[in-house]
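The values are calculated or read from the model by the stated rules, or taken from the named source; none is laboratory data. Worth saying up front: this structure is predicted, and the values here are computed from it rather than measured. As a convention, Cβ positions derive from the backbone with ideal geometry for all residues, glycine included, and neighbour counts pool all protein chains shown. These accessible areas exclude ligands, DNA and RNA; they are computed on the full protein's heavy atoms, side chains included. Shrake-Rupley method; radii C 1.70, N 1.55, O 1.52, S 1.80 Å.
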Amino acid sequence: MNLLPRPVSYVDGGRLCEYKGWESVLVDGPPGGYRLLSSDDGVLIEANDAAGEMNALQTLRQLLGAQAFRAAGEKPSVIPACEIVDYPRFEWRGVMLDVSRHFLPKREVLRYVELLSVHKLNVLHLHLTDDQGWRFEVKRYPKLTEVGSWREDSRFGDRRSAGMKGRPHGGFYPQEDLREIVEYARARHVTVIPEIDIPGHSQAAIAAYPELGVHGGGVWTDWGVNERVLNTDESTVDFYRNVFDELMDVFPAEIIGLGGDEAPGHDGELVRAIAEHIVGKGRRPYGWDEVLDARPLPAGTVVASWRGVEGGITALGDGHDVVMCPEQHVYLDYRQSDSPDEPIPVGTVTTLEDVYAWEPVPEGLTGEEPGRLLGAQANIWTEHLDSARRVDYAAFPRLAAFAEVVWSPAEKDPEFVRRLKDHHLPRLDALGVEYRPLNGPHPWQRLPGVPGFPR
């Protein structure tokens with residue numbers, strides 16, 4: 001079954017049964033897969049593993065209707081009689097959430113973990129540091145959060161405009177909060193992958209410890225690519241080894257993000273040194289496709305292909321595992337139409353239909369490449385998303401389309417938008433998600449007069 005009900009087979013599908021609860025047993029089969037049988041006797045779940053049981057329970061909620069997604073109130077009492085056999089297409093079904101440009105409180109991160117689980121997504125990539133803010137508590141280097149976690153102001157709209165908000169912005173996650181997020185996600189079979197971005201996008205760290213940088217400066221209040229990067233002194237390498245040691249102590253994930261993107265004039269030496277350090281700790285480094293400039297990379301490195309698919313294809317040929325996240329298809333901060341009502345319109349138009357039409361496997365790949373295509377990831381950058389409400393607007397319902405792409409077979413369903421409208425949007429309403437309506441933004445979701453940079 002896909003994210004939105006389109007089951008493999010129904011048994012007496014027009015008949016309703018009294019819902020009497022469910023029981024589950026483990027069976028052999030693809031990871032994350034399950035069989036769900038609903039009849040007058042109750043619901044039987046045959047799960048291939050614990051993640052499969054969780055996926056089956058999310059499907060069961062779908063079958064019970066939108067009311068099953070409310071935190072309180074009368075619960076549904078009937079369920080369709082059906083048999084569903086279901087398993088994911090891709091191993092990595094991820095979302096990158098940028099909490100550096102605009103900080104999201106812990107409660108909102110936990111809410112997004114829940115929303116990922118509802119959509120059968122299983123990776124949350126947290127972008128924890130950037131020029132505009134450092135969000136990870138490092139006990140050895142307290143000034144990273146004392147100084148680096150807040151900025152004096154923020155650009156309101158595209159950097160080519162003159163407007164500033166006129167107020168400070170900040171926040172960070174104590175290590176205990178991050179451990180809580182990790183455990184909350186683990187219980188929902190979502191892996192949290194942290195990212196500390198080096199050697200570019202590091203102005204917040206340089207503001208806290210100027211000896212790390214080449215040119216100095218404070219926490220950045222603007223957006224875009226910052227020319228100021230980390231230096232390659234051995235003391236800087238040692239500093240980041242210590243930072244990543246604390247990161248790996250908090251986050252048990254096998255894969256650890258080190259960024260590597262948009263670092264003007266950098267030769268990759270620092271990236272390679274930290275990648276080797278991560279491998280030496282028994283983990284796997286994960287970087288944006290610019291890390292290929294630091295080749296040879298340690299075996300086990302995972303590459304996120306964001307500048308199109310070419311970097312991913314190269315990495316697969318080098319024997320590295322790859323996650324596809326090309327900006328022209330799955331950057332969910334990009335504008336959703338060419339209407340002037342879109343708030344702070346940036347990037348190319350990426351409609352709901354565009355996201356659903358995307359195929360994560362590039363043409364020409366045979367599956368025989370030395371590396372593995374693990375799956376795909378949607379990215380939510382937050383330069384222009386300064387609240388949970390704005391993140392909801394950018395992410396949904398396009399994230400529902402992405403979730404179906406990475407879960408379902410490659411064939412597209414012409415009924416997807418109808419199923420979304422009839423079945424899934426009511427679930428988002430019940431969950432309190434402030435998504436963009438299919439016919440355009442509500443009046444209060446617009447930001448008239450705030451300039452963007454549409455392509």
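Details
- Here r is the Cβ-Cβ distance between A50 and D413 and R0 is 25 Å; the resulting FRET efficiency, rounded to 0.05, is 0.30.
- Mean-position separation - Cα centroids, the range 20-65 and the range 144-163, in angstrom: 47
- Å³ per residue enclosed by the Cα convex hull of the range 145-196: 129
- Here D249 and R389 are evaluated by their C-beta separation; at R0 = 25 Å the FRET efficiency comes out at 0.15.
- Semi-axis lengths, Å, the range 327-366, gyration tensor of Cα atoms, sqrt of 5 times eigenvalues: 25, 9, 6
- Simple spin-label estimate for T366 and R167 gives 5.9 nm between the two label positions (7 Å along the Cα-to-Cβ direction from each Cα).
- Across all directions, the average flat footprint of the convex hull enclosing the Cα atoms of the chain is 21.7 nm².
- Mean Kyte hydropathy of -1.0 or more with a Cα span along the axis of at least 20 Å, helices from DSSP in the chain: 50-64, 234-250
- Pairs exceeding 21 Å between alpha-carbon atoms, taken from K120/K281; K20/K421; K143/K165; K75/K412; K139/K281: K120/K281; K20/K421; K143/K165; K75/K412.
- Counting Cα-Cα pairs of the range 186-341 in 10 Å increments starting at 0 gives whole-percent bin shares of 11, 36, 35, 15, 3, 0.
- The fraction of Cα-Cα pairs per 10 angstrom bin, counted from 0 for the range 238-321, comes to 19, 53, 26, 2 percent, rounded to whole percents.
- The chain - percent of accessible surface contributed by carbon and sulfur, probe 1.4 Å: 51
- Counted residue by residue at 0.36 nm each, then reduced by the alpha carbon distance between them, the extension gain from V25 to S339 reaches 108.0 nm.
- In the chain, the calculated helix contribution to ellipticity at 222 nm averages -8000 deg cm²/dmol per residue, counting -39,500 (n - 2.57) for every DSSP H run with n ≥ 4.
- DSSP finds beta bridges in the chain, and of those with both partners inside it, around 35 percent are antiparallel.
- Rg over Rh, two decimals, the range 40-193 (C-alpha only, Kirkwood Rh): 1.10
- For R155, net neighbour charge (Lys/Arg +1, Asp/Glu -1) across residues whose Cβ lies under 14 Å away: -2
- The range 9-86 shape via C-alpha gyration tensor axes, a/c threshold 1.5: oblate
- Cα-Cα P(r), the range 336-413, percent of pairs per 5 Å interval: 3, 12, 21, 21, 16, 12, 9, 4, 2, 0
- Under the shape rule built on the C-alpha gyration tensor, where the axes satisfy a ≥ b ≥ c, the range 262-306 is oblate, since a/c reaches at least 1.5 while a/b does not exceed b/c.
- Residues within the reach of a label modelled at E353 (point 7 angstrom out along Cα to beta-carbon, backbone nitrogen below 16 Å), restricted to the range 440-454, are 440.
- Taking the range 238-279 and a reference point 7 angstrom along Cα→Cβ of E227, the backbone N atoms nearer than 15 Å belong to 263-266.
- Ellipsoid equivalent to the range 313-449 - semi-axes via the Cα gyration tensor, in Å: 29, 18, 12
- Under the simplified labelling scheme, the E269-V78 pair shows an inter-label distance of 7.2 nm, with each label point 7 Å from Cα along Cα→Cβ.
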